[in-house]
Amino acid sequence: MRMGTTVAVAGASGYAGGELLRLLAAHPELEVGPVAARSHAGERLGDVHPQLVSLADRVLVPTDAETLARADLVFLALPHGESGALAAALPAGLPVVDLGADHRLASAAAWSEHYGGEHAGTWAYGLPELPGQRAAIAAGGGRVAVTGCYAVATVLALAPLVAAGLVERDDVVVVAASGTSGAGRSAAGHLLGSEVMGDLSAYKVGRHQHVPEILQASGARTLSFTPTLAPMPRGILATVTARPARPGVTAQDAREVLAAAYRAEPFVHLLPDGRWPHTAATLGSNSAHLQATVDISSGRVIVSSAIDNLGKGAAGQAVQCANLVLGLPETTGLAVDGVAP
């Protein structure tokens, strides 16, 4: 039996929880401990996630702090608004990686406006590729708030351009398409296969909850964000456009900024000039693919970004952050390459 750091997963029955367990089962330094789920407690994990053959006979346990605290590190893959109370009940010195939104925002007012209820506080923001964030995660007392899926795709595309002064901080426009797994596993009429297939629809237009997180992490001041539901299980393709901060900004300027920002990053890849990201190439990986140009009509800088919303947008990012918290090599247990076809 492989022995290492024991980790617990709350919210194990969901899509993100299942993907997290798939990664943890193959992680050479982590041992899967308690797996918890509220509505599926008492069921075999293999009946909830048939793909998890190596963990199939595990029985899902109720979600309570006492059980989770038996592990050396806890992952919370719970719906937004449910992590705060559970995290507060866990021992203060126990590392916790939260895949939900409860601890991402610095502003209690922004939390109240976009999520409602009491703000649970702010943890180290789990996007290691941002300047200074690796150190913040490692020094954050073991508590990490993993980035939202739309935020990962958008911030990676936008933050270096803002930091370099290449684009204006106002008048940023993002249109992003996500697979249906981004909406979670709960039964909903609009997510039925017969409703989704052959259709593309916008939702939460002008009021998506990831907007304050994107503004906080990217350095932008204003953002017009249109999320769309795509007829695919997983993946995000974000198109980010911004007004140049000076005349004469070229596609090469944008590419050079992104290349400099991510040259040493194992999971962020600026594609060769002329090749554009697509979601299938990131499937099953912890990678983000980027490409940039300048629109010949409007002069706006355009960056396209693709990720697997359950990988770099959730479970993969969580494992990446846990590796940092535990002092392991950041890439341990994570794939750079996608799965095709």
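Among the residues examined, residue 11 does not qualify as closer than 24 Å to residue 308 by Cα, of a type outside the set (A, V, I, L, M), over 24 Å from the mean Cα position of the chain (by Cα) and assigned by TED's automatic domain parsing to the domain that holds residue 96. Right, residue 236: farther than 17 Å from residue 294 by Cβ, touching a Gly at 6+ places or on another chain (Cβ under 7 Å), in the same structural domain as residue 298 (by TED's automatic domain parsing) and at pLDDT 90 or above or not? When the stated conditions are applied, residue 236 passes them.
Among helices (runs of 4 or more DSSP H) lying entirely in the range 18-135, which contain 2 or more residues that are under 26 Å from residue 334 (Cβ atoms) and assigned by TED's automatic domain parsing to the domain that holds residue 234? Counting at least 2 such residues, we get no helices (runs of 4 or more DSSP H) at all. Across the range 217-230, the number of residues qualifying as of a type outside the set (A, V, I, L, M, F, W, C), under 20 Å from the mean Cα position of the chain (by Cα) and assigned to a loop (DSSP other than H, G, I, E, B) comes to 1.
Rundown of residues vs (1) touching a Phe, Trp or Tyr at 6+ places or on another chain (Cβ under 6 Å); (2) in the same structural domain as residue 134 (by TED's automatic domain parsing); (3) over 20 Å from residue 159 (Cβ atoms), yes/no style:
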site	(1), (2), (3)
251	no, no, no
261	no, no, no
265	no, no, no
274	no, no, yes
288	no, no, no
300	no, no, no
316	no, yes, no
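Beta carbons closer than 9 Å, at least 6 apart along the sequence or on distinct chains, pair a first residue in the range 199-213 that is under 19 Å from residue 230 (Cα atoms) and in the same structural domain as residue 176 (by TED's automatic domain parsing) with a second that is loosely packed, with under 13 Cβ neighbours inside 10 Å and not small (Gly, Ala, Ser) for 201/190; 203/190.
Scanning the range 299-323 for residues that are out of contact with any strand residue (DSSP E or B) (no Cβ under 6 Å at 6 or more places or on another chain) and surrounded by 23 or more Cβ atoms within 10 Å (Cβ to Cβ) yields a count of 8. In this structure, is residue 9 of a type in the set (A, V, I, L, M, F, W, C) and in contact with a Phe, Trp or Tyr (Cβ under 7 Å, 6 or more places away or on another chain)? Yes: the conditions hold for residue 9.
The values are calculated or read from the model by the stated rules, or taken from the named source; none is laboratory data. Here the structure is a predicted model, which means the values were calculated and not measured. Cβ coordinates were reconstructed from backbone atoms using ideal geometry, including for glycine residues, and neighbour counts include every protein chain displayed.
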